[in-house]
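Single-structure report; data block below.
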Amino acid sequence: MSKKLTSRAADYSKWYNELVVKADLAENSAVRGCMVIKPYGYAIWEKMQAELDKMFKETGHQNAYFPLFVPKSLFEAEEKNAEGFAKECAIVTHYRLQNDPDKPGKLRVDPEAKLEEELIVRPTSEAIIWNTYRGWIQSYRDLPILVNQWANVVRWEMRTRLFLRTAEFLWQEGHTAHETKQEALDEAALMNNVYATFVEKFMAIPVVQGLKTESERFAGAVETFCIEALMQDGKALQAGTSHFLGQNFAKAFDVKYVNKEGKQDHVWATSWGVSTRLMGALIMTHSDDNGLVLPPSLAPNQVVIVPIYKSEEQLKAITNVVNGIMSDLRKKGITVKYDNRTTHRPGAKFAQHELQGVPVRLAIGARDLENGTVELARRDTLTKETVELNKLTKTVESLMTEIQESLFNKALNFRNTHTTEVDTFEDFKTVLETKTGFISAHWDGTSETEDKIKELTKATIRCIPLDAKEETGVCVYSGKPSKRRVLFAKAY
């Protein structure tokens, strides 16, 4: 199976597209621009959801659900937000179909069933949520509101790629309301940090935390925090964003509260989200030419056991031993699958589990039973070793941590060796075309320079790193004074 994959060196984009389909993660659907997330892909997303949901609740957030449809009048209330999403909106104009009198057996839109007001299929939920919050908030005693929603959204896309850019995708969106500006700023920074912790600890992907420039900010935001990751092809991927919205939405929807002094004031807001785009980041950071490589924290099956036998008697004896192994591993919280399918030969099973990125594969045959051993194969290093049965549980348990750390360190090393400081525009262009990766360079702070660099090189400012040091220099393009370096890269 894996032999059919195009190599990353030959065509990275083709490799990615093939891998998503061949590893049974997702496929294109009958609806243009929309994907079907298959059970194996959805199992990974469920593990992401579970960890994030736990982290949200540990930071005081609750889940709620809001309508899929947003009346056009509400959607356009916050002008910058509406303008930012206007070209990506799907719109419902009618509420009924009828039999087509000219085409028997076919349907048409009932011309008499036009909606009085068009409904926008949510591209994001600020409008409907802030209209709702107006009824929830009267006093400072009603604050803060810390709400998250797990949902699907639609942003019309013509050029799509599975997980990275589809017309419909799954995500979570947090929407919070606060008494003070500082509380809202602290919330936006906190949630960006939650995302960074999740992506680094569970996905084993190193990220840079930073702020977006004005032109890259979320439509309607005063400030956008972000986490940026670097893929194996040297392109950046925005893995999550957290927005300080100021009072923009509170003013647009007239959400006021009576403060402790008895005076009315508008509340302060944040919104933050990550999506199934994280699946794309996971695939592109760790996987290789043999297929998917998954960190144990997010693998649906952390261990797979394949029996190798010639008779039913041998299978029965192997299964008895396997049942004990599975019981011991599960007691340690390790997810394990026994692949005893009779429809596939061991070689085909090995190929499938390698392609699907199962972190550890155990093979047990009749000779292993005699010797009291199993063959253990690591997916990340493609190495094999023989392990004694009485040491297996401890070995696998420590491997879960070792593989997780190894994947993170490998990705971190790649990012560090592909982050380059440059001081001239010639060097900027050379690094971008030959070495790729993040380019750390001075920028004069103007959108004109930012736009010109993007026009000439296709590189954008990924972020102004939160840990950027004050450093006097001159802009890599304009030569004007600059106080700090920012990170540029070509990006997904």
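The values are calculated or read from the model by the stated rules, or taken from the named source; none is laboratory data. Every value quoted in this text rests on a predicted model; they were computed, and no experiment measured them. Don't worry about glycine lacking a Cβ; one is built from the backbone with ideal geometry, like all the others, and counts go over all protein chains shown. With ligands, DNA and RNA removed, areas are computed over all heavy atoms of the protein, side chains included. Shrake-Rupley method; radii C 1.70, N 1.55, O 1.52, S 1.80 Å.
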- Message: Taking loop as defined by DSSP and a crowding limit of 10 other beta carbons within 10 Å, which trypsin sites (Lys or Arg not before Pro) in the stretch 233-318 fit?
- Response: LYS260, LYS263, LYS310
- Query: Percent relative contact order of the stretch 196-260, based on C-alpha pairs within less than 8 angstrom and at least six residues apart?
  - Reply: 24
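Based on the Cα gyration tensor of the chain, what are the three equivalent ellipsoid semi-axes, each the root of five times an eigenvalue, rounded to whole Å and given largest first? If you can, show how the numbers build up before the last one.
Numbers: eigenvalues 377, 184, 118 Å².
Rounded to whole Å, the semi-axes are 43, 30, 24.
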- Over all alpha-carbon pairs in the stretch 212-283, figure out the percentage whose distance exceeds 20 Å. 47
- Message: Below 8 Å, C-alpha to C-alpha, sequence gap of six or more: please give me the relative contact order for the chain in percent.
- Response: 14
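Quick one: pull the percent of accessible area on the stretch 385-474 belonging to carbon and sulfur, 1.4 Å probe, ligands and nucleic acids left out.
Numbers: 2530 of 5130 Å².
Roughly 49 percent of what the probe reaches on the stretch 385-474 is carbon or sulfur.
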- Item | Of VAL92, TRP150, THR393, farthest towards positive along the dipole that unit charges on Lys, Arg, Asp, Glu beta carbons give the chain | THR393
- Item | the stretch 314-328 versus the stretch 14-49: alpha-carbon centroid distance in Å | 33
- How large is the charge dipole for the stretch 1-80, taken about the Cα centre, if only the Cβ atoms of Lys, Arg (+1) and Asp, Glu (-1) carry charge, to the nearest 20 debye? 440
- Just report the Cα centroid separation between the stretch 144-163 and the stretch 88-106, whole Å. 26
- Placing +1 at every Lys and Arg Cβ and -1 at every Asp and Glu Cβ, with all other atoms neutral, what dipole size does the chain have around its Cα centre, in debye to the nearest 20? 1280
- Heavy-atom accessible area per residue of the stretch 365-492, all protein chains kept, 1.4 Å probe, expressed in Å², is 55
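Over the stretch 159-237, what percent of the accessible surface lies on carbon and sulfur atoms, probe 1.4 Å?
Details: 1180 of 2540 Å².
The computed percentage sits at 46.
Plugging the Kirkwood radius over Cα pairs into Stokes-Einstein for the stretch 23-162, at a temperature of 4 °C and a viscosity of 1.567 mPa s, what D comes out in µm²/s?
Using the Kirkwood radius from Cα pairs, D works out to 70 µm²/s.
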- Task: Please name which of ALA184, HIS353, LEU52 has its Cα lying farthest along the dipole of the chain towards the positive end, using unit charges on Cβ (Lys, Arg +1; Asp, Glu -1) and the Cα centre as origin.
- Result: HIS353
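Please state the equivalent ellipsoid semi-axes for the stretch 162-268: what are the square roots of 5 times the Cα gyration tensor eigenvalues, largest first, in whole Å?
On the way: eigenvalues 194, 44, 29 Å².
So the three semi-axes of the stretch 162-268 are 31, 15, 12 Å.
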- Note on the structure: Computed curve, the stretch 385-477, Cα-only Debye sum without solvent term, log₁₀ I(q)/I(0) at 0.15, 0.20, 0.21, 0.24 Å⁻¹, is -0.68, -1.01, -1.09, -1.27
- Give the accessible area for LYS337 in Å² (nearest 10); use a 1.4 Å probe, count only protein heavy atoms, and leave out ligands, DNA and RNA. 80
- Among the lysines, which have Cα under 26 Å from the Cα of LYS22 when same-chain residues fewer than 8 positions away are ignored? LYS3, LYS4, LYS14, LYS38, LYS47, LYS235, LYS337, LYS349, LYS384, LYS410
- Message: Among GLN238, THR460, SER440, which residue has its Cα furthest toward the positive end of the charge dipole of the chain, with +1 on Lys/Arg Cβ and -1 on Asp/Glu Cβ?
- Response: GLN238
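Hey, if we sort THR383, THR343, THR395 by accessible area with the 1.4 Å probe, largest down, what's the order? Walk me through the numbers before you get to the answer.
Details: THR383 70, THR343 110, THR395 35 Å².
Descending accessible area places them as THR343, THR383, THR395.
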- Item | Descending Cα extents along the principal axes, the stretch 158-205, whole Å | 41, 28, 13
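Treat every Asp and Glu Cβ in the stretch 242-290 as -1 and every Lys and Arg Cβ as +1, leave all other atoms uncharged, and give the resulting dipole magnitude about the Cα centre to the nearest 20 debye. Mind dumping the intermediate values first?
On the way: 5 positive and 5 negative charges, 77 e Å.
Dipole magnitude for the stretch 242-290 comes out near 360 debye.
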- Note on the structure: Inter-part gap, Cα centre of the stretch 371-408 to Cα centre of the stretch 255-312, in whole angstrom, is 25
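Over the stretch 341-440, what is the relative contact order in whole percent, taking alpha-carbon pairs under 8 Å and six or more residues apart? Show your work: numbers first, answer last.
Numbers: 77 pairs, mean separation 15.4, N = 100.
Over the stretch 341-440, the number comes to 15 percent.
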